[in-house]
Amino acid sequence: MRTFQALLGLVLVAAAAQAVFAAALIPTPEFTGHPIPTAEHPDPVARLPLRDWLDVAAVAAGIALASYFALRRRTRRGLFLLAVVSLAWLGFWRKGCICPIGAIQNITLALFDRFYVVPAAAVVMFVLPLVATLFFGRTFCAAVCPLGAVQELAAVRPIRVPVWLDHALGLLAYVYLGAAVLFAATGSAFVICRYDPFVGLFRLSAGLDMLVFSGVMLVIGMFVGRPYCRYLCPYGAILGWLAHLSRRHVRIPPEECIQCRLCEESCPYGAIREPTVTPPAGKLRRGRRRLTVALILLPVLIAVGAILGRRLEAPLAGVHPTVQLAEQMWLESRGLVEGTTEASEAFRNSGRPPESLYAEARTLSHRIGLAGGWLGAWVGLVFGLKLIHLAIRRRRTGYQPDPARCVACGRCFWYCPGEQARRGWIEGLAPKGTGRTNEPRRAEDV
Amino acid sequence: MADGKGNIDRRGFVSGCARVLGAIGLGGLASALALRKGRTVDEVWQIQPDHCIACDKCQTHCVLDVSAVKCVQCFALCGYCDVCTGYFPTKYDALDTGAENQLCPTGAITRKFVEQKAGTRYFEYTIDESLCIACGKCVTGCRLMNGSLYLQVRYDRCLNCNECSIAVACPTQAFRRVPASRPNLLGRAAHEAEEALARKQAAVASSGRPCAGWHALRNEGRGGPDGPAEARQA
């Protein structure tokens, strides 16, 4: 036994010496009756793309069905069931990858990095809901997106968020979108995937921080409808803009609005806009002045944002692993931190001079700093446009969903007496203003 | 919006134009990316073995309960040692397959006697992938000698997450995306060993057959980067 251990020790020392001086290996023996096998790998047949294309087909079919349910059949039940199916398929079975929300980053990286190969399925996955939104509104959010679906199921007691808070929090999504694009473009991280609140739920596996985040989002989602969709989802931010252009969109009354106000309270997402009244002349003038101020403020906000964003170089660059490593190496070399990390240890063993790492990190950091300026300008632009948007006077004759905020969940349909008359649940309606007497037959939906 | 009677107002016209432009723009972006130099291939995550330091992040950070990463044995590089530093811990009691003598916490390495030559016994070590948990202990052990054991992502198990959780945690950025049609990566030493073995086998095969002719010679000359990879997958 001792001899074996001594022998092993000798071998170890010899091996270490070999590793340092020359990679002299122990030769592979030539056996008389035993051929040297080759390592077995799983078959690299293209079953992966097929699976991805199946997801794309499922999303396409889901959007078509959701649009049909929301615009033609006007059925909340159909949308709800479709959401459950999407959640089961795209969420729990396919584990939520790859999704259009995450595909933002693949597209961005493909645009900024010539050597990144973007999977065709990701491109289609990204574009499909965008184009569909141009024509049908956010029906993808209604019942296809698994993240939306899980929050749709969680929303048991949604309360109304104050309008000012709703508008303010809604800006977060644009900031998140800008940050996600920045980190993807500079190759730092795919933050949308890293901080996806529900993918851990689908996979039934996540780190503690993400599990806590997921739980918190679910609990909030019980009382605030779809918190992720409304206040964080970067894809929802893009979809909201495109939905303004949508050719057809969810209408609350099937025919003409009788202004009974029954739908007003039915929307848990604060997406229903009341009819406007023509304001008195004094208010009109004030509104016009506010719009002028907002228009002047826009370039100022962009400039201020760019300047502030430029100062964020250090924290933004700190997300990139190479910059992190360089920072650690520098701190270690100055003796400013105790001990080493696995990364710095490995780097030292690789024999690469730290100067080249520092140079690389400096280049990266500089690029990320410039991108930070753009991010700041983007945030300024978003704030400015929001101010302009709020200052513009709208004309609405009936109750209408705000296309940018409406996720076509279909809750409002059943509250509309016009819809009930269409379905033959109640007698035909008197022309205008008498709708209040018509109580909905079913106050609760699915 | 259109007022529903076939007449289109100014707003409706503008939004209609914007819609068409948007659709064309999105379609253009998609086709530009899809047709870019014909390179839209599907990719999978893989570990570059030369960068891997065999920490235990692959074991703990995969979103799967049992990691998609497995240990792979490059037999062409293996020394078939009796005292295998990837199989035995530094303080083993006996050179046998007893659990207490194994480095692998799950007993995923199978040790099989092959031959005794000139007083030296040679053993073949194979990985039972169903037991492997990608802790990397054997890989670190084996690096003391030849370094024939290495970690690879098993793409049939991998969920192919958009951002691989292990890649985020990997201290040496050893994870990369590789084409799904050629999903395996070899370290430099393993690559050379496999090439040498393939050359030797080809030589034996051609000397055994009388009329190998130019065909074999042509295969020999194919020394580009594609050659060994295809040979590996064949």
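Any chance the range A:241-251 includes a residue that's farther than 28 Å from A:R73 by Cβ and either assigned to a loop (DSSP other than H, G, I, E, B) or in contact (Cβ under 8 Å) with a residue 24 or more places away in the chain (or both)?
no
Which numbered condition in (1) surrounded by fewer than 17 Cβ atoms within 10 Å (Cβ to Cβ); (2) among the charged types (D, E, K, R); (3) within 21 Å of B:C135 (Cβ to Cβ) is the only one that B:R121 fails?
(3)
Test each condition in (1) under 14 Å from the mean Cα position of the chain (by Cα); (2) within 30 Å of A:R72 (Cβ to Cβ); (3) not charged (D, E, K, R); (4) not in a helix (DSSP H, G or I) for A:P158 and report the one that comes out false.
(1)
Which one is least open to solvent (accessible area, probe 1.4 Å), of the residues in the range A:33-42 that are more than 7 Å from chain B (Cβ to nearest Cβ) and either more than 30 Å from B:D42 (Cα to Cα) or at pLDDT below 80 (or both)?
That would be A:G33.
When the residues of the range A:109-120 are narrowed to those that are open to solvent by 10 Å² or more (accessible area, probe 1.4 Å) and outside any loop (DSSP other than H, G, I, E, B), which ends up nearest to the other protein chains (Cβ to nearest Cβ)?
Ranking the candidates gives A:A120 first.
Can you tell me how many residues in the range A:188-208 are more than 15 Å from A:L147 (Cα to Cα) and surrounded by fewer than 18 Cβ atoms within 10 Å (Cβ to Cβ)?
3
Any chance the range B:14-35 includes a residue that's of a type in the set (A, V, I, L, M, F, W, C), touching a Lys or Arg at 6+ places or on another chain (Cβ under 9 Å) and at pLDDT 90 or above?
No: the range B:14-35 contains no residue that is of a type in the set (A, V, I, L, M, F, W, C), touching a Lys or Arg at 6+ places or on another chain (Cβ under 9 Å) and at pLDDT 90 or above.
May I ask you to verify whether B:L77 is more than 8 Å from chain A (Cβ to nearest Cβ) and open to solvent by less than 60 Å² (accessible area, probe 1.4 Å)?
no
Since A:D445 meets every condition but one in (1) within 30 Å of the chain's Cα centre (by Cα); (2) charged (D, E, K, R); (3) modelled with pLDDT of 80 or more, which condition does it not meet?
(3)
So which residues in the range A:112-141 are at pLDDT below 90 and of a type in the set (K, R)?
If the condition is that a residue be at pLDDT below 90 and of a type in the set (K, R), then A:R114 is the only one that fits.
Of the residues that sit in the range B:130-160 and are facing chain A (nearest Cβ under 7 Å) and in contact with a strand residue (DSSP E or B) (Cβ under 8 Å, 6 or more places away or on another chain), which one is surrounded by the fewest Cβ atoms within 10 Å (Cβ to Cβ)?
Among residues in the range B:130-160 that are facing chain A (nearest Cβ under 7 Å) and in contact with a strand residue (DSSP E or B) (Cβ under 8 Å, 6 or more places away or on another chain), the one surrounded by the fewest Cβ atoms within 10 Å (Cβ to Cβ) is B:R154.
Tell me the residue from A:A60, A:A24 that is of a type in the set (G, A, S) and modelled with pLDDT under 90, please.
Residue meeting the stated conditions: A:A24.
Does the range A:190-216 hold any residues that are of a type in the set (A, V, I, L, M) and touching a Pro at 6+ places or on another chain (Cβ under 8 Å), and which are they?
Residues satisfying the conditions are A:I192, A:M210.
Can you work out which of the residues in the range A:330-351 that are away from every other protein chain (no Cβ under 12 Å) and under 36 Å from the mean Cα position of the chain (by Cα) is most open to solvent (accessible area, probe 1.4 Å)?
Of everything passing the filter in the range A:330-351, A:W330 is most open to solvent (accessible area, probe 1.4 Å).
When only residues in the range B:84-110 that are farther than 25 Å from A:P27 by Cα and among the small types (G, A, S) count, which is most open to solvent (accessible area, probe 1.4 Å)?
Going through the qualifying residues, I end up with B:A99.
Give just the number: which of (1) facing chain A (nearest Cβ under 7 Å); (2) surrounded by fewer than 20 Cβ atoms within 10 Å (Cβ to Cβ) does B:V66 not satisfy?
B:V66 satisfies all of (1) facing chain A (nearest Cβ under 7 Å); (2) surrounded by fewer than 20 Cβ atoms within 10 Å (Cβ to Cβ) except (1).
Filter the range A:161-191 for residues that are assigned to a helix (DSSP H, G or I) and β-branched (V, I, T) and give the result.
Within the range A:161-191, A:V163, A:V175, A:V181, A:V191 qualify.
Yes or no: the range B:91-111 includes at least one residue that is within 11 Å of another protein chain (Cβ to nearest Cβ) and in contact (Cβ under 8 Å) with a residue 24 or more places away in the chain.
Looking through the range B:91-111, none of the residues is within 11 Å of another protein chain (Cβ to nearest Cβ) and in contact (Cβ under 8 Å) with a residue 24 or more places away in the chain.
If you go through the range A:70-102, how many residues are within 12 Å of chain B (Cβ to nearest Cβ) and touching a residue at least 24 places away in the same chain (Cβ under 8 Å)?
9
Being open to solvent by less than 20 Å² (accessible area, probe 1.4 Å) and either modelled with pLDDT of 90 or more or within 18 Å of A:A184 (Cα to Cα) (or both) is the filter here; which residues of the range B:171-187 pass it?
Of everything in the range B:171-187, those that are open to solvent by less than 20 Å² (accessible area, probe 1.4 Å) and either modelled with pLDDT of 90 or more or within 18 Å of A:A184 (Cα to Cα) (or both) turn out to be B:A174, B:N184, B:G187.
Do you know which residues across the range A:252-270 are open to solvent by less than 30 Å² (accessible area, probe 1.4 Å) and of a type in the set (A, V, I, L, M)?
A:I252, A:I258
Within the range A:352-365, is even one residue open to solvent by less than 50 Å² (accessible area, probe 1.4 Å), more than 14 Å from every other protein chain (Cβ to nearest Cβ) and under 17 Å from A:A189 (Cα atoms)?
Looking through the range A:352-365, at least one residue is open to solvent by less than 50 Å² (accessible area, probe 1.4 Å), more than 14 Å from every other protein chain (Cβ to nearest Cβ) and under 17 Å from A:A189 (Cα atoms).
Being among the hydrophobic types (A, V, I, L, M, F, W, C) and part of a helix (DSSP H, G or I) is the filter; apply it to the range A:407-422 and report the residue that is farthest from A:F136 (Cα to Cα).
Result: A:A421.
Please tell me if A:V123 is at the interface with chain B (Cβ under 10 Å from one of its Cβ atoms), without any contact (Cβ under 8 Å) to a residue 24 or more places away in the chain, farther than 24 Å from A:L381 by Cβ and not in a helix (DSSP H, G or I).
no
Quick one: in the range A:369-406, which of the residues that are in a loop (DSSP other than H, G, I, E, B) and charged (D, E, K, R) is most open to solvent (accessible area, probe 1.4 Å)?
Looking at residues that are in a loop (DSSP other than H, G, I, E, B) and charged (D, E, K, R), I get A:R395.
All but one of (1) at the interface with chain B (Cβ under 10 Å from one of its Cβ atoms); (2) open to solvent by less than 20 Å² (accessible area, probe 1.4 Å) hold for A:V56; state the number of the condition that does not hold.
(1) is the only condition that A:V56 fails.
The values are calculated or read from the model by the stated rules, or taken from the named source; none is laboratory data. The shown structure was predicted, so the numbers you read here are calculated from the model rather than taken from an experiment. Here Cβ is always computed from backbone atoms with ideal geometry, including for glycine, and neighbour counts include all displayed protein chains. Side chains are part of the model used for accessible areas, which takes the heavy atoms of the whole protein and leaves out ligands, DNA and RNA. Shrake-Rupley method; radii C 1.70, N 1.55, O 1.52, S 1.80 Å.
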